[in-house]
Every structure is written in C-alpha cells, then in structure tokens.
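Some notes on the structure that comes next.
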Amino acid sequence: MLLTKRTLRVSYSMALVALMVSLAACGGEEDTVTTETGDDVAATGDTGDTGSGLSGNVLVDGSSTVFPISEAMAEEFMAVNPDVRVTVGVSGSGGGFKKFCAGETDISNASRPIKQEEIDLCAENGIEFIELPVAFDGISVITNPENDWAMCLTTDELRTMWEAAAQGTITSWNQIRADFPDEPLGLFGPGTDSGTYDYFGEAIIGAAGTRGDYTASEDDNVIVQGVASDPNGLGFLGYAYYAENQDTLALVEIDNGNGCVAPSPETIADGSYQPLSRPEFFYVKTTSLENPAVRAFIEFQIANENKELINEVGYVPVTDEITERAAKRLEAGTTGSVYEGGSPVGVSLKDVL
Amino acid sequence: MTSNLPPANYSTDLWQPNRALAKNTELLVKLVFGAFALVSVLTTAGIVLTLIFETFEFFQAVPLWNFLTDTQWTPLFADAQFGIFVLISATIMTTTIAILLALPVGLMAAIYLSEYAGPKTRKRLKPALEILAGVPSVVFGYFALLTVTPVLQFFIPGLQGFNALSAGLVLGISILPLVASLSEDAIYSVPASMREGSYALGATKRETIVSVVLPAALSGIVASVILAVSRAIGETMIVTLAAGQNPRLGFNPLVPVMTMTAFIVQVSLGDTPAGSIAYLSIFAVGMTLFLITLVLNLFSFWFVRKFQEKYE
C-alpha cells in the first residue's frame, strides 16, 4: 500500500510540474515577426484599403515550410483588418491537401505542387482551386564544418548515398567516392510526410524512394543538431534552416552536370541551383474567394509590396513577372495545376504559367 | 430530510425510520462509485482491445516471422522492413544503461537515507529526491542532448550527437528517485526489532544492513527496480530527443539508435493515413511494448508474493 501511495504522490507532483512548464511555454510563445505595417500596407493600395470594413474567418493549413510566410503575412494582415481572423495550421503539404480537398480549409500551403491523387480527391468533392506560386526554396545539402572532403557532390553521388538500394550497404564515405575517407556515413533528413522529403526523393532518386536507415525527423532542428554534432554527418533541409544555422553547418555544392553550384538566394532565384530549387505554393478554393476576407488575404499575400516579408523569413520570392501572372490567374479564376499532377522537377514556372 | 427524523413528541413505539429510502440511497451511491471504478477498468480493456485488433491486422500484412527475424526496421520507406529487434535492441540498451546507473546510486541513497541519515537530513533530502521525480522528461531530454552529450564527447571522441549512452544515463537519473524513494520505504519499514536483534548478537551496523535489513527488504527493493525498468522502457521524450531516430540493430551506445517509443513518436508526429501499414506498425510496436512491461509486472507481482517477509 505504501508503494502505491508514494507512486501516486510522485505522479501528482510530476503532473503539476508538467502543467506549470506547459503554461510557461504557452506564455513564452510570442511571435517575433517584425512589424512595419503602416507604410507597407498603405502601399498595397486596393488590398489594404478594403481592410477597414472587412470581417470573417480565413482558414489556412498545410506545409511547415510555407508556414513562416503565412504566419508573417497573417500577422501583418490582421493588424490592418482587426475584424478578420486568419488561422494558420501546420499539417504538412500532404495533410494540408487532405483537409483542403475535404472542404475544411480556404487556403492550402504546399512546398510541392498538388499530386494527381489529390487533384482527383478534390474533384470528387467538387473543390476547385487556383494555384499561386509564391516563393522559391533551395533544398540544401549540409555537412559538419569539420568535413573537409565533401565540398561538392554530384547528383549521382547523392543518389548512391540515398537510394533505397543503399539501405544497409552504403555505410562509409569512401563508398561514395574512392578518395573520401573510410569514415561512417551519418545521414539525417526529413521524414516521409515532409514535402522536402518528397521533392528531394523525386529530384535525386526518382520514383523508387529513399533508404530508410537514416535519422528521419519531421523537426528540422533535429537535422541541424545531428549534423552539427557528427563530424561525418550529412543531411538535407530547406535553405532557411541553413541560413539560420550558418555557423554550425557547412553547405555542400551540387553538381548537376554543369559544375558545382551552392544554394544562395541568387542561385535559387535565377534557377542555376538545380535540381533542388523548388517552388512553394498557395492553393485557394474558388468558392472561398466569394468571401471578401479570403480574397483580400490571398491578394495581400501575393502583392509585390509584401515580398519583403518572404525575404525576411528566409525564402526567395518569385519574380514580379511571375507574381503578375499569378495575380492574373487569380483575377481570371483560372483553376487547376500547371503541373497537372506531374513532377515539378526541372519545370520552369515562367514557361508554364 | 426532516421526515426521516423522529418528530419532537415521538415515542419509540410509534416512530418508524424510513429504511427503504436509505437502502435506495445506498444502492445509488454504490452504483455511482462502482461506475467510476469501472472507468479505469474499461479504459484498460479498451486499450488492450484496440492494440489486439490493430496488431492482428498488422500481422495480416506482415508475417510474424519477418517481424521477429528481420535485421532492418524501415516501415515508412520504399524498401519496407519490419525487424522489431532493431527497436528492441535500442530499448534494451538505453534501459540497461539507465538501470546500471539508477540501481547502485538509488539503492545506496536509500540505505543512507534510511539507516545513516539523521531525522533532520532525511526530512530535507527526501523531498529533494522527489523534486527530481517532478522534472518533466522533456527537460531531461534536452539536458541529455545539450549538456550531457557535449560533456561526454569531451571524454569519448567517437561519440555522436545523438547516442544511446547519454540518453541512457539521463534516463537513469530520471528513474533514480523512483528506485531510491521506493527502496527507502521498503528498507525503512523493516521493524527496528530486527536491527536490535542483530546488534544484540554483536553485529556491526554494516553487517546488520547487509545481512539483515537488505534481505528483509528484498521484495520491496526488487519491486521498485522492476517498476523503474518498466518506466525506463516506456519513457519517451528522453530517448526521442537524445538517442536519435536512426533504426539500427546492435548494441553500440555511441551512435544514434531508435527505441520503440521513439518510433511511435516519429510516426504519430507525421501525417500517417489510418489503416496504412505504417499506421498499423505503431500498434504492433505498442503491443510489443505492452507485452514486455506486462511480463515485467507479472514477474514483480510473483516475486513480491513469493519473497515478501511478513513481520509481526
């Protein structure tokens, strides 16, 4: 009896402390996006002006990669339209589309184009959508700063390293290239639900999929932590996470047959960082556009004047030309995906929009 | 209520208390309390049934033989393999390291608190020990990842950022209060007459503790250790944060490994469609976890029954 009583007391105190900590955590979670609302929004002209009398709810969900953009936009938007509630969720690109095609959300964020089966699901439920490219990210291959051999890797070498056939067999650096040291290969990457994982697999390996015996985490900070603490580590993640952790990580240049190129805002923007540059999208439901709050918010998000926010969170906004075409699609109500469910790898947005 | 009390001018022959109402009230109270007691039983039954059904479905798709003999665990990937021992080996490793730390330290702390410490010291040390038990495991996890690992890396050059060693050590610290506190209760409750008897025979304090007190408290100590082992096996945050999430078979404590609980976390954090094989695999892992702790608890139950010493 003594035993159970004691255990009970211990678990009570544990629960109490846990509660206190979670409360503290909630309080501490303040958004840190810098506010320079006034001028910015005044400059957006009609989108900003409609704000005054606007009210309603805007439901956004989807990719964790695009989340920082929507979060920053929502904060600025709500500052001028205090009666509009914009809720931004994070379910991953795939999870976002599941809700979107079930009609539960107005806008779905994605770090990859919508897939054919998702298009079918939307069609089944009578959901029509407009696809709006908003920014570019370069998936960055990173190593430990102590790594002095893997400065540049070819896409073939990346495939050797990550393909499913490598599972359990490719475990040492010198299996990648003969003059690499005989050191264990420590691999880190996003998990299978991530749009980053999907895009990397498609661009580097193709349909076959990657190996499974690496440290897979949906939390990009785990990848940063893992590579930063393992001299033989290698991982891949969105450029924003490299940019945030430059002092503890080294960037690997990628050779796609045209020489070594490192990801940077410039090489991502001009398309020379291939094949790992990828567009990021908003998908908006056409029926939701009848709600003035949703229309105002989506126009706000793609307005040229608000692109600085995208730079701020670490991505490269699409060019003004592409924005203009996207705005036209929105204006004209052009539905469907320009990728038609196919792979975005190697497709230039300028050509297809 | 007043109707149930004797009137002011009662005489014992006339007043009949309303026994029927009291009976009904008693029955109602019994039912209500019974229902609440049933909640925990039903919850347990629900959990076990869910585990059984989903695990059964899992084994429709994956042969039990593969589950037990494969040397790889990659249910989410293209080349899906289901070797549960990859995860079990990691769990065994972190738990063993934890117990290797928690058992000697906890037991010695318990002996000190019960046998050597004065009442004042005891009064201060015991609550301090229990505060340690109140530290949330996520805090322990980051402590392992950001403090213990870098310190260990200073001494062990080959140690990776995520590893079983530091996760196991911190896991040991987290279950230490459990071992110490429960063992201390067991040791403390050994009757003073036994110690006095031992002293009367001329035994020293050390001899008394080792030969009389500890054997008398053995069943309680073993129960505390098994409870701690169960807790270490099921502990999630520390191993997920600090041991890494790399499924690999073997007992090398210096590299990232993935425990059973870490795998369940990995799958539940993502967006896994219900009914898919990845989704079912977390139930198979959960079932394995459940069976392991069940066996441990049964063993502990049997051990306590068999070896419990009853005094007075």
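We did not get these values from a lab; they are worked out from the coordinates using the rules stated. Note that the coordinates shown come from a computational prediction; the quantities given were computed from them, not determined experimentally. Note that each Cβ is placed from the backbone with ideal geometry, even for glycine, and that neighbours are counted across all protein chains shown.
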Would you check chain B for Lys pairs whose C-alpha atoms are within less than 25 Å, ignoring same-chain pairs closer than 8 in sequence, and give me the count?
-> 4
Could you go through region A:227-237 in sequence order and give the Karplus-derived ³J(HN,Hα) for each residue, using 6.51 cos²θ - 1.76 cosθ + 1.60 with θ = phi - 60°, rounded to whole Hz, and x for Gly and Pro?
-> 5, 5, 10, 10, x, 9, x, 8, x, 9, 6
Starting from the Cα of B:THR50, step 7 Å along the direction of its Cβ; do the same at B:THR236; then give the gap between the two resulting points in nm.
-> 1.1 nm
For region A:109-123, take each phi angle, set θ = phi - 60°, evaluate the Karplus expression 6.51 cos²θ - 1.76 cosθ + 1.60, and give the result in whole Hz per residue in order, putting x for glycine and proline.
-> 8, 8, 9, 7, x, 5, 7, 4, 5, 6, 4, 4, 4, 4, 4
Along the charge dipole of the protein assembly as shown, which of A:GLY314, A:PHE136, B:ALA22 sits closest to the positive end, that is, farthest toward it, with unit charges on the beta carbon of Lys, Arg, Asp and Glu (+1, +1, -1, -1)?
-> B:ALA22
Go ahead and run the numbers for FRET between B:ALA35 and B:VAL105, Cβ-Cβ distance against an R0 of 56 Å, rounding to 0.05.
-> 0.80
Treating only Lys and Arg (+1) and Asp and Glu (-1) as charged, each at its beta carbon, one finds that the protein assembly as shown has a dipole about its Cα centre, in Debye to the nearest 20, of 4900 debye
Quantify how strongly other chains surround peptide A:88-96 by giving the mean number of their Cβ atoms within 10 Å of each of its Cβ atoms.
-> 2
Between B:TYR116 and B:SER193, take the C-beta separation as r, use R0 = 22 Å, and let me know the FRET efficiency to the nearest 0.05.
-> 0.65
What are the residues whose amide H is under 5 Å from the amide H of A:VAL58, where those residues sit 5 or more places off or on another chain and H is modelled from the backbone?
-> A:ARG85, A:VAL86, A:THR87
How big is region A:133-263 in terms of Cα radius of gyration and Dmax, in angstroms?
-> 13.5, 43
How about region A:77-138: which trypsin sites (Lys or Arg not before Pro) there lie in a loop by DSSP and see at most 12 other Cβ atoms within 10 Å?
-> none
Treating only the Cβ atoms of Lys and Arg (+1) and Asp and Glu (-1) as charged, compute the dipole magnitude of region B:84-307 about its Cα centre; round to the nearest 20 debye.
-> 440 debye
Checked region B:19-61 with the C-alpha gyration tensor, a ≥ b ≥ c its square-rooted eigenvalues, rounded below a/c of 1.5, otherwise prolate if a/b is larger than b/c and oblate if not; verdict prolate
In nm, what is the difference between 0.36 nm times the number of residues separating A:ASP156 and A:THR87 and their Cα-Cα distance?
-> 20.7 nm
Separation of alpha-carbon centers, region A:260-276 and region A:202-258, rounded to whole Å = 16 Å
So which of A:LYS115/A:LYS328; A:LYS285/A:LYS328; A:LYS98/A:LYS307 end up more than 20 Å apart by C-alpha?
-> A:LYS115/A:LYS328; A:LYS98/A:LYS307
Point-to-point label distance, B:PHE303-A:ASP219, nm (Cα→Cβ direction, 7 Å offset) | 3.3 nm
Set Lys and Arg Cβ to +1 and Asp and Glu Cβ to -1, take the dipole of chain B about its Cα centre, and tell me which of B:GLY83, B:VAL135, B:GLY197 lies farthest positive.
-> B:GLY197
per DSSP, antiparallel bridges as share of beta bridges in the protein assembly as shown, % nearest 5, sits at 60 percent
State the answer as a single residue: which of B:LEU214, B:MET287, B:PHE307 lies farthest towards the positive end of the charge dipole of chain B, with beta carbon charges of +1 for Lys and Arg and -1 for Asp and Glu, about the Cα centre.
-> B:LEU214
R0 = 56 Å: FRET efficiency of B:LEU68 with B:LYS310, Cβ-based, nearest 0.05?
-> 0.85
Virtual spin-label span in nm between A:ALA327 and B:SER268, 7 Å along Cα→Cβ = 4.7 nm
